[in-house]
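Worksheet for the structure shown next.
The values are calculated or read from the model by the stated rules, or taken from the named source; none is laboratory data. As the structure is a computational prediction, the values presented were derived from the model and not from experiment. Note: ideal-geometry Cβ built from the backbone for every residue, glycine included; neighbour counts use all protein chains shown. Heads up: the accessible areas ignore ligands, DNA and RNA and are worked out on the full protein's heavy atoms, side chains in. Shrake-Rupley method; radii C 1.70, N 1.55, O 1.52, S 1.80 Å.
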Amino acid sequence: MEREYDHKTVEERWMKEWIRGKYWAAPDFPDPAKKRYILTMYPYPSGDMHVGHTEIFAIHDSIARFVRMHGYQVLNPLGFDAFGLPAENAAIKRGSPPKEWTDSNIAIWRSSAERLGCSFDWDRMFATCDPEYYRWNQWFFLRFYERGLAYRKEAGAWWCPKDKTVLANEQVVAGRCERCDSIVVKRYLAQWFFKITDYADRLLDDLVLNTGWSERLKTLQRNWIGRSYGAEIDFSLEGIEEPVTVFTTRPDTLWGATFFVLAPEHPLAERLVSGTNKEAQLREFKQQVETMTEIDRSSTDRPKEGMFLGKYATNPVNGEKIPIWVGDYVLMDYGTGAIMAVPAHDQRDLDFARRYNLPVRVVISPPDHELDAATMKESWPHEGAMTNSGPFDGTPASESIDRVIEWLEAEGMGRRAKTFRLRDWLISRQRYWGTPIPIIHCPRCGEVQVPDDQLPVVLPEVVDFRPTGEASPLATAHEWVEVACPACGGPARRDTDTMDTFVDSSWYFHRFLDPHNDEEPFARARSDAWMPTDQYTGGIEHAVGHLIYARFFQKIMMDMGMVRDPEPYPNMLNHGVVTMGGKKMSKSRGNIVEAGTALDLYGADALRLYMLFFGPPEQPIDWPEEGVTAIGRVTFPWLQRVWRLCEQHQRSPELDSADATAQPSPDGSNQDGADAAILELRRHIHRTIKVVTKDYEQFSFNTAIARLMELVNHAYRYQSEWPGGPVLDELIETLLRLLAPMAPYLTEEQWHRRGHETSIHKESWPDFDPALAAELEVTMVIQVNGKVRDTVPVPPDIAEAEMKQLALTSDKVRPYLDGGEPTKIIVRPPKLISLVV
RNA sequence: GCGAGAGUGGCGGAAUUGGCAGACGCGCCAGCCUUAGGAGCUGGUGUCUUCGGACGUGGGGGUUCGAGUCCCCCCUCUCGCACCA
């Protein structure tokens, strides 16, 4: 008998055996009724794992193993998100190629994942920096290009001065680079975009298909896409021939438009002042706006700056001439970059009007008070009846917007419209370590696609990949850049930008299903066999990045006939972040707890259980300041307790007689109370199966562990009073199977020590006996005026009459009845009876 | 400002349809055991108490025989979006 669980020896033995025997290999074409694709977001292999990373693996792997024990064919793959800035920055620091650093980290991560006991099918592993993988990024790019979904335009883009690259909208958080926190600046560059806005409606509307998403996640995406309904209205501007359109959600306020505002960057602004004495002034104003950081510009406290352009616009509904201004509060890339200003009913317009003494006109009447245009400081942005609006005076709020839109359409002045907050996805990066964009720029032919048979466009190896802040580092690889134009054969140059790494992760989940295909990204039949994923796990921080991009790709792939399903991830579990001292764990902050240290000291099972026992998976975890020793006080001692329990009760010979555990009192002893104790323990075992199964199904691992702790406590109490016997065998064998998904090593070892020849992870999940799991006795609560006065043990099928009888004759209850009869009796069999006096 | 979520012991957190608040664990207290140890085992641990009980889930009000749970108002915190027209 071994008193101590020696996790090192045990883990080493089973880790090797599981890998040697390819225990977690999944078939390419599963039985459709039995397939379960259990996916976790593939990691970025930087440095080594810290405990924050292990949380997701603990959650995900417990789900995979739980499902597998229910007889499903489980696909559980892992790959690596291997392109990107950290590898490049590390390479610059070390003076070695990014591939070396990346490969060595992948090896470290894979071995950490193996040590942690993750049941991945490693035969499907890939890294996105493999040319065999990224050639398909290029293939997708070309297909998108052909469909008009990839385009290049000169546009203002967020530029991170530290990382020296442009960023997608999604990578800018509160005006700062998501990665390094630097304040971003706007730069005007020719950039590649994916036209995600074409899919905005579908991305929004199809959210309902994701029935296994939290409301929180759906809301994040809804807000990000930000669909607004309203109208486009055409104004004519002095000196401009074509009509200029504004978007508004409040066409009912059109009669209150007292000025017109363009974004400073709007090309029309320059045209309007061209040849006037305002040219220089506008140039100065624009410069002033451009040098402002996004943080300053978007601050609502800052007074709005503007400039009159000296020209007038005509309000189409009343022919009124209203002055045209530029204002820094109008954004070029939302709506049309031009607005009609209605100061009485929009606070921003009112602030601007008061600052520059522009007129204010009330056109919506609040239901309960009067607005005074001359003095009002707060706009009235709410609904109300229309007033000062010509033919629409008196139109009630409920129909005003629709009626105005219909009228505008009939008059040819405007139309119903909607607009989105979502912007096209900027995928160009001026960095080295990414997928080269498969386009060749020819002086004669323009943009030319790299022909499919020349894919992949492999990253050149010998290149100075330090970012210059000017062109992409790839521009310095002259031999690579200079090529013959595929169309005309003349001299031409490759595009030197690389793709955002979120392109890689937008379709990787299909590649796992066909990881070695060199004809196409993946075969449709193989994708159809496993998709959609049955459970996806990953951090909530990807809500508006990866989780939107991948949905966008999925929809394009569906339109191309490559996949069957509209949504790739209908069931999503978002775990919380792991912090220490309230800050996200990161090496640079120095607040990390190394996974390796935890594994060395306490082993994989203790670490996994610790992460799972902390609380619900969605909730953030703030790791105790004491660091790794926290595990030594919580789950490590408990695992030892489980180990000792198992060791003290080796498998009994009786178990081999078929129905030994089916006997309610297998002991058969004549000792008083022995049979009762056995029965009570068996009831506890079967109740535990029932509730723990439900806990797993709801990802409530913390309560599942709590129930198992109770069961172990019960076993210890039982054995201190009674000899062992088959009931403890039943308990231990059940306990091991219920614990196996969360603590795979100890349970596997004990399973074999108990004489089993096959892996516990291939065992079936225990069933409970409904008769045993049912409550034998419940506690009936007797309340008087809502307060508990007595509790009585009763059978669960007790009759109401009997409950009343018990309540009225209770010695503890009688004093509260004042000798009289209760005026009302509420009976909720079998648990509660409430007397009102 | 808009949207979402959350406030429960010293701490992490439990609590079917409204039905014994505080499961389980950490910490703390007491005891046992011991080659006296940051090991193991047992018990206790919301607050107050005249030991009968009373009070108790951010605050205030309401519905109900009964509210952590439902409704209204307020406060605080977290997250997301944010001059989005």
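A few comments on the model shown:
- Residue among A:D206, A:D181 that is of a type in the set (D, E), modelled with pLDDT of 90 or more and either farther than 18 Å from A:Y334 by Cβ or open to solvent by 10 Å² or more (accessible area, probe 1.4 Å) (or both): A:D206
- Some residue of segment A:721-729 being within 12 Å of RNA strand B (Cβ to nearest atom) and farther than 22 Å from A:T9 by Cα: yes
- Candidate set: segment A:776-786, residues that are more than 6 Å from RNA strand B (Cβ to nearest atom) and either without any contact (Cβ under 8 Å) to a residue 60 or more places away in the chain or crowded, with 18+ Cβ neighbours inside 10 Å (or both); chosen: the one nearest to A:A676 (Cα to Cα): A:E777
- Residues in segment A:628-648 that are more than 9 Å from RNA strand B (Cβ to nearest atom), open to solvent by 10 Å² or more (accessible area, probe 1.4 Å) and within 17 Å of A:G596 (Cα to Cα): A:V628 only.
- Residue ID - nearest to the chain's Cα centre (by Cα), chosen from residues in segment A:757-787 that are small (G, A, S) and part of a loop (DSSP other than H, G, I, E, B): A:S764
- So A:G394, is it of a type in the set (G, A, S), open to solvent by 40 Å² or more (accessible area, probe 1.4 Å), over 16 Å from A:P303 (Cα atoms) and in contact with a Phe, Trp or Tyr (Cβ under 7 Å, 6 or more places away or on another chain): no
- Residue satisfying condition, being β-branched (V, I, T), open to solvent by less than 60 Å² (accessible area, probe 1.4 Å), within 16 Å of RNA strand B (Cβ to nearest atom) and within 38 Å of the chain's Cα centre (by Cα), within set A:V330, A:V317, A:V326: A:V330
- Of all the listed residues (A:V544, A:V458), the sole one being among the β-branched types (V, I, T), open to solvent by 10 Å² or more (accessible area, probe 1.4 Å) and over 27 Å from A:R421 (Cβ atoms) is A:V458.
- Subset of segment A:585-599 that is in contact (Cβ under 8 Å) with a residue 40 or more places away in the chain and within 15 Å of RNA strand B (Cβ to nearest atom) - its residue that is surrounded by the fewest Cβ atoms within 10 Å (Cβ to Cβ): A:M585
- A:G596 satisfies every condition listed in (1) farther than 30 Å from A:T9 by Cβ; (2) over 15 Å from the mean Cα position of the chain (by Cα) except (1).
- Filter result for A:K824 (modelled with pLDDT of 80 or more, of a type in the set (D, E, K, R) and more than 12 Å from RNA strand B (Cβ to nearest atom)): no
- Among the residues making up segment A:688-707, a single one is open to solvent by 20 Å² or more (accessible area, probe 1.4 Å), near RNA strand B (Cβ under 10 Å from one of its atoms) and touching a Leu at 6+ places or on another chain (Cβ under 8 Å): A:N702.
- Some residue of segment A:744-766 being open to solvent by less than 20 Å² (accessible area, probe 1.4 Å), basic (K, R) and either out of contact with any strand residue (DSSP E or B) (no Cβ under 7 Å at 6 or more places or on another chain) or in contact (Cβ under 8 Å) with a residue 40 or more places away in the chain (or both): yes
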